[in-house]
Amino acid sequence: QCDLQGLWRNELGSNMTILAMNTAGTFSGSYHTAVAATKKQILVSPLQGVQQHPSTKRHPTFSFTVQWQFSDSTTAFVGQCFVDHHGKETLETMWLLREEVLSHKDTWKATRVGTSTFTRIK
């Protein structure tokens with residue numbers, strides 16, 4: 001069974017810590033990105049999430065948001081946790097990042113989309 005709690009790293013070197021989940025499936029943690037489209041200092045940012053039916057699913061789906069502390073943007077992640085036949089856990093995610101723009105006419109360039117694969121560090 002997949003357990004989201006712990007320290008994870010994605011293919012770009014970003015680190016994510018997920019703390020203990022409550023019985024409703026909600027969790028919090030922190031995200032330290034290794035990449036950013038800003039010249040500002042990158043800071044560890046809080047995350048909040050939920051796992052679907054945490055006690056009953058072998059490969060649960062989940063979602064979380066990250067409130068970036070160094071930019072005017074927020075990222076929403078959705079994903080699923082997988083365990084291979086060796087017991088290695090992987091989080092396959094897709095994300096949407098929305099940054100603040102100054103006017104409605106600039107909304108076309110305000111959202112980015114991508115994927116990230118996280119593997120457990122500990």
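Remarks
- Residues in the chain average 61 Å² of solvent-accessible surface per residue, probe 1.4 Å, ligands and nucleic acids excluded.
- Among Q41, Q69, Q52, the largest mean-square fluctuation in a Gaussian network model of the chain, built with springs joining Cα atoms closer than 10 Å, belongs to Q41.
- Straight-line reach from K109: taking Cα to Cα under 12 Å and skipping same-chain neighbours fewer than 8 places apart, the aspartates and glutamates in range are E99, E100.
- What you get for the chain, charging only the Cβ of Lys and Arg (+1) and of Asp and Glu (-1), is a dipole of about 100 debye around the Cα centre.
- Gain on full stretching of the segment that runs from Q41 to H59 - 0.36 nm per residue minus C-alpha separation: 2.9 nm
- Taking 0.36 nm per residue of sequence separation and removing the Cα-Cα distance, the Q48/V83 pair yields an extension gain of 10.3 nm.
- Given R0 = 25 Å, the distance between the Cβ atoms of R9 and L102 translates into a calculated FRET efficiency of 0.15.
- P(r) histogram, all alpha-carbon pairs of the chain included - 5 Å bins from 0, percent: 2, 11, 20, 24, 18, 12, 7, 4, 2, 0, 0
The values are calculated or read from the model by the stated rules, or taken from the named source; none is laboratory data. These figures come from a predicted structure and were not determined experimentally. A quick note on method: Cβ atoms are made from the backbone with ideal geometry, for glycine too, and the neighbour counts reach across all protein chains shown. All accessible areas refer to the heavy atoms of the entire protein, side chains included, with ligands and DNA or RNA removed. Shrake-Rupley method; radii C 1.70, N 1.55, O 1.52, S 1.80 Å.
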